[in-house]
Each structure stands twice: as structure tokens, then as C-alpha cells.
Amino acid sequence: EPTLSNFTNLFKEAPFGRFFFNSMLMSVVSTASILLTSIVAGYVFAKFTFPGKKIIFAILLATAIVPFESYLVPLYLRTVKWGWMNTYCGMIAPYLVMSFGIFLMRQQIGSTISDELLDAARIDGCSEWGILRSVIFPLCKSASGALGVFAFIQAWTAFIWPLLVANDKELFNMELGLTMFQFRFSTDYGLLMAGSVVSLVPIVIVFIMLSNQITESIAITGLKG
């Protein structure tokens, strides 16, 4: 018989409110950091000339194809050395920069923002940080929306790294929290499915909120082609 008791029992059997807060904190901080670093780095690679620019950018792109498992152990050892185990800093640190985001914003800025517009801003006395705030950020709104969805989903669905770093249940995110209903010889599918539905809600909301920016970004790309 249909019932909603699993949703009410979900918060009684485990501190899912805390898990939700941890996931939201991790995802929001990660998304904000990725958007900021991607736009700044994308602006630098698109509009500035400096020695080794192509080599640095090639190395940056190469990191996008390196599996996370290949540098998992060194990252874990560094986290232990810095004393970040079982802390928010340790959980969030690997999700603060995204090489794909830098590539995306570099292509966006290089193809849609002309050098003449930036020169006009400099003639008006605008600093480079002022250009970022007044010109780059507003004109990259559509691409930022698409990147924000990717960044949010990446942090929200993180499992392996939080599993290694978080030993205290108070630091568990939603993905780790769902494992509390999977036991050695049995699984509580009712609570597990209810928790999965709750976990999907923020992703759906973020996608709906930023869907217009994603559509606009695709449309601009098609027009440029």
C-alpha cells in the first residue's frame, strides 16, 4: 500500500538534516570557488600574453583526463599531513577548482568578448579587477550558469573522497548518509529510496533555476558556429 512513512522515518533513523546541510555547504562553496577561479583563469588565458602560456594551458587541460583514483593516495597523504582529516576543509579542498571550467570560460571569453571592449574599459580608468566585475562577469552569465550546474552536481554526488576523509557521522554528506541503510546482510530499501528522492531534490531545483542560462549558452554557441 502506498505510504509516506519512509520519508518521516528517514529523519528519525539518521540525522539526515545534518547530512543535507553538509552536502549543501560543500556544494555551494565548491560551486562558488569553481565559478570564481574558472572565470579569472579563463580571462587570463584568453586575453593575456605571457611566457609559457600555451604549455601551462596544455598541462591544465591534461589534468582533466587524469582519473581521480590515480592521485587519490597522494592527496590523502597531503590531507593527513595538513591535519585536515575529518574537517570541512579536507572534504571541500579537492572540489575548489575544475580544469574543464577554466577551459570553458577561456573559450567563452575568447570568442564572445572583444579586445576593443576591454580596451575601452581600460581607457575609462577601469582596473583589471574592475573589468572582471563590470564586464567579464556579466557577459559570462550564460556560461556560468551551465558551469554552475556541473560544479554543483559534482560536489553534491561526491562519495569516494568524503568516505575517506569523514570519520565522524556529523560530517557525512547525503551520499554517505544513504549507506547507513545498507547493512551487511540486508538493505532497508524503503528508507534508501526515500533518502535518494530527498537527495535528488536540490539537483533538480538547481537545474530548473539555471536552465535558462544553459539554453542561452547553447544558443550562443550555435550562433557563433
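I'm checking my understanding of the structure. Among residues of the range 97-140 that are part of a loop (DSSP other than H, G, I, E, B) and touching a residue at least 12 places away in the same chain (Cβ under 8 Å), which one is farthest from Val66 (Cα to Cα)? This residue is Ile113. The number of residues in the range 141-156 that are open to solvent by less than 10 Å² (accessible area, probe 1.4 Å) and among the basic types (Lys, Arg) comes to 0. Being of a type in the set (A, V, I, L, M) and open to solvent by less than 80 Å² (accessible area, probe 1.4 Å) is the filter here, so list the residues in the range 188-203 that pass it. Those that are of a type in the set (A, V, I, L, M) and open to solvent by less than 80 Å² (accessible area, probe 1.4 Å): Leu191, Leu192, Ala194, Val197, Val198, Val201, Ile203.
Filtering the range 157-187 down to residues that are free of Cβ contacts under 8 Å to residues at least 60 places away in the same chain and open to solvent by 60 Å² or more (accessible area, probe 1.4 Å), which residue is nearest to Leu10 (Cα to Cα)? My answer is Gln182. Looking only at the range 139-174, residues that are of a type in the set (D, E, K, R) and closer than 25 Å to Leu104 by Cβ come to 1 in all. Taken together, the residues in the range 104-118 that are open to solvent by 70 Å² or more (accessible area, probe 1.4 Å) and either touching a Lys or Arg at 6+ places or on another chain (Cβ under 6 Å) or not polar (S, T, N, Q) (or both) amount to 4.
Looking across the range 1-30 at every residue that is under 17 Å from Leu200 (Cβ atoms) and hydroxyl-bearing (Ser, Thr, Tyr), the one that is farthest from the chain's Cα centre (by Cα) is identified as Ser23. Apart from one condition, Pro138 fits all of (1) more than 21 Å from Leu210 (Cβ to Cβ); (2) surrounded by fewer than 16 Cβ atoms within 10 Å (Cβ to Cβ); (3) not hydroxyl-bearing (Ser, Thr, Tyr); the exception is (1). Each residue in the range 44-84 was checked for being part of a loop (DSSP other than H, G, I, E, B), over 29 Å from Arg122 (Cβ atoms) and open to solvent by 100 Å² or more (accessible area, probe 1.4 Å), and 1 of them qualify. Restricting the first member to the range 6-26 and to residues that are more than 16 Å from Asp188 (Cα to Cα) and touching a residue at least 60 places away in the same chain (Cβ under 8 Å), and the second to residues that are of a type in the set (Val, Ile, Thr) and open to solvent by 10 Å² or more (accessible area, probe 1.4 Å), the beta-carbon pairs closer than 6 Å and six or more apart or on different chains are Met26/Ile92.
The values are calculated or read from the model by the stated rules, or taken from the named source; none is laboratory data. Just so we're clear, the structure is a prediction, and the values are computed from it rather than from any experiment. No Cβ is skipped: glycine too gets one built from the backbone with ideal geometry, and neighbour counts run over all protein chains shown. Keep in mind that these areas ignore ligands, DNA and RNA; they rest on the heavy atoms of the full protein, side chains included. Shrake-Rupley method; radii C 1.70, N 1.55, O 1.52, S 1.80 Å.
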